[in-house]
Amino acid sequence: MKLNRRKKNLFQDSSASSDIAFLLIIYFIVIAGFNINKGFLMTLPQKDSARLILKDDLLRFELDETGTLRHHGEAMDWVLAEQEIRGAIKVQPNLAVVLAIAPQAPWQRVVSFVELAQKLEVESFSFSMKDDSGGVSP
């Protein structure tokens, strides 16, 4: 016995497919609003606060073009940098870590240093770009 099968034609009416397309567009626009990149969560000083930092409380690091971290002009690996910062925080509670970055430095190294400062809960952190002559630009 042969059964007659009916063919199903999906979306015979073009208005149904345009309605679904419109709803999908609305759905993706709404979903895109929930995908927020927060970046680094760091506490910034209050607008009205004034904090004095002595030169002795500055711990300076440099990041050169090759991504080498330097402290007092000598190359330093990340483990030693972490130990240096930890030790300085214990001795100087008002410590401020300063990072001077060469313009061609790999960005991932800068991010890694910022993450290190955040991990060690450094309260005062500053970074600046070095100009082409080797000085620090404002």
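Report yes if some residue within the stretch 30-46 is part of a loop (DSSP other than H, G, I, E, B), within 30 Å of residue 110 (Cβ to Cβ) and at pLDDT 65 or above; otherwise report no. Yes: one or more hits. Checked against the criteria, residue 20 counts as modelled with pLDDT of 75 or more, farther than 30 Å from residue 99 by Cβ, in contact with a Phe, Trp or Tyr (Cβ under 9 Å, 6 or more places away or on another chain) and surrounded by 10 or more Cβ atoms within 10 Å (Cβ to Cβ). Has the stretch 121-128 got at least one residue that is assigned to a helix (DSSP H, G or I) and either under 16 Å from residue 55 (Cα atoms) or among the β-branched types (Val, Ile, Thr) (or both)? The answer is no; no qualifying residue exists. All conditions in (1) in a helix (DSSP H, G or I); (2) modelled with pLDDT of 85 or more hold for residue 99, with the sole exception of (1). Restricting 55, 119 to residues that are basic (Lys, Arg), out of contact with any Pro (no Cβ under 9 Å at 6 or more places or on another chain), modelled with pLDDT of 85 or more and exposed (fewer than 12 other Cβ atoms within 10 Å of the Cβ) narrows the list to 119.
Can you pull out the residues in the stretch 87-108 that are crowded, with 16+ Cβ neighbours inside 10 Å, free of Cβ contacts under 8 Å to residues at least 40 places away in the same chain and small (Gly, Ala, Ser)?
Passing the criteria: only 88.
The values are calculated or read from the model by the stated rules, or taken from the named source; none is laboratory data. These figures come from a predicted structure and were not determined experimentally. As a convention, Cβ positions derive from the backbone with ideal geometry for all residues, glycine included, and neighbour counts pool all protein chains shown.
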